[in-house]
Amino acid sequence: MKYVLAVYDGSEVSYGGVLLAAEVASRNGVRLHVLSVVPLPKIGLDIATDSAIAASVDSRQYLLESLKADFAARGQAVHLALKIGNPVDEIVQYATEYNVGQIVIGCAFKSLFERWTTRAILHRLVRLAPCPVTLVKDRATPRGRRPAFIS
């Protein structure tokens, strides 16, 4: 394993995934990569969606800079990347390009519909990923405790 890839969207559960990925990377003596993907809207592109995408990119860039400062304070190196596009495609492409050994992704299920759509996305990611995918689930993460994970 050369790298561990954490997928980060700024949520608390994805931060738990980043922390777990950092622990796995440290334990295995490999480098941590953190990828944030800004999804493109499913409707047609126009000026309004362009500005919304730009705002999302700026927001994610700020989150990644905060994360970098957090890891610098811990003394742990981290490689950060920001992509725009289909999240599954971007994650798989990044993992393939960098020869990632494990992907860690945090996931929260807030509603039945969200659970259904997220499950389909995760199933596609697991099927296409060139390495094992570890899912950090929100409901198994009480505050102040280590996140539970499923491989």
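We did not get these values from a lab; they are worked out from the coordinates using the rules stated. Since we're looking at a predicted model, the values are computed, not measured. Positions of Cβ are backbone-derived with ideal geometry, glycine not excepted, and every protein chain shown enters the neighbour counts.
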Original post:
Local charge sum around A95 (other residues, Cβ-Cβ under 15 Å, Lys/Arg +1, Asp/Glu -1)?
Top reply: +2
**OP:** Give the calculated FRET efficiency between R115 and H79 to the nearest 0.05, with a Förster radius of 22 Å applied to their Cβ-Cβ distance.
**Re:** 0.10
**OP:** Check the chain and count each lysine pair with an alpha-carbon distance under 22 angstrom, considering only pairs eight or more places apart or from different chains.
**Re:** 6
Original post:
Which FRET efficiency, nearest 0.05, do L128 and N28 yield, Cβ-Cβ r, R0 30 Å?
Top reply: 0.80
Original post:
Tell me, what HN-Hα J-couplings in whole Hz come from the Karplus equation 6.51 cos²θ - 1.76 cosθ + 1.60 at θ = phi - 60° for each residue of region 122-130, using x for Gly and Pro?
Top reply: 5, 4, 5, 4, 4, 5, 8, 5, x
Original post:
Which loop-located trypsin sites (Lys or Arg not before Pro) does region 1-71 contain, where loop means any DSSP state but H, G, I, E or B and the Cβ has at most 14 other Cβ atoms within 10 Å?
Top reply: K2, K42
**OP:** Please give the calculated 222 nm ellipticity per residue for the chain, where each DSSP H segment of at least 4 residues contributes -39500 (n - 2.57) and the sum is spread over every residue; nearest 500 deg cm²/dmol?
**Re:** -16500 deg cm²/dmol
Original post:
Once Rh for region 81-127 is found with the Kirkwood sum over Cα pairs, what is the Stokes-Einstein diffusion coefficient at 20 °C and 1.002 mPa s, in µm²/s?
Top reply: 181
Subject >> Convex hull (Cα only) mean projected area of the chain, reported in nm² to one decimal >> reply: 9.2
